């Protein structure tokens, strides 16, 4: 009975770590959050909001202010409905950057006093990271590109960022197809024993490493086709035409929800600053 439960548990874990699951999580975070409160906000408002929480925390050392900023961006992350995989990777990234420092400091004579400076650094990293996750999970490629253009970003740079978003599903699909073709033509080692499981893991890593070269080659071929299609449609002329830029940014409008979002954020930051000065 116990062996059956362990086998089913291992199968469920492997299913969760499949390429299809990873692809769905990535696409959900990039394209599946259109109905959230954050996604309905204007791109210019989100970029201004992100600029504040991506820069200011690095110049602040007050624990109360940083904790308040962290609570605010954590609330916006919940409203943005970020994919679970992204949050999991975020947690691993934060621990790898700051969490291990506390563990190492304990082995070299550190004590409880070490917690406060490490906590300040952790709050800075988490606040900036969660702000980035919130904004870029709530902005689709078109909104992000138009928002950058409105702030004077070069059109080609804005288009490149939007194109990177749009090519993401094709990259994931191409990666999965090449990976499956390698697995069909390969001979995976037996994973019934402990040594076999290690060999099987090394085999999977080796296959994934071999996938990247044909993936880059196929991506380059598709990029060339995309560039030729854009040139035929007059992209180079549209990139420098001011009328085209006006048409793209004309659909952007500041709504009541945008002003309410900014007002709540400004009020919350003002309260944190007031608490710091008291």
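A convex hull fitted to the Cα coordinates of region 79-217 yields 202 cubic angstrom per residue.
Look at the Cα gyration tensor of region 140-240: its axes a ≥ b ≥ c give a/c of at least 1.5 with a/b over b/c, and that counts as prolate.
Read the figures in this text as sums done on the coordinates, not as results from a lab. The structure displayed is predicted, hence computed values, not measured ones.
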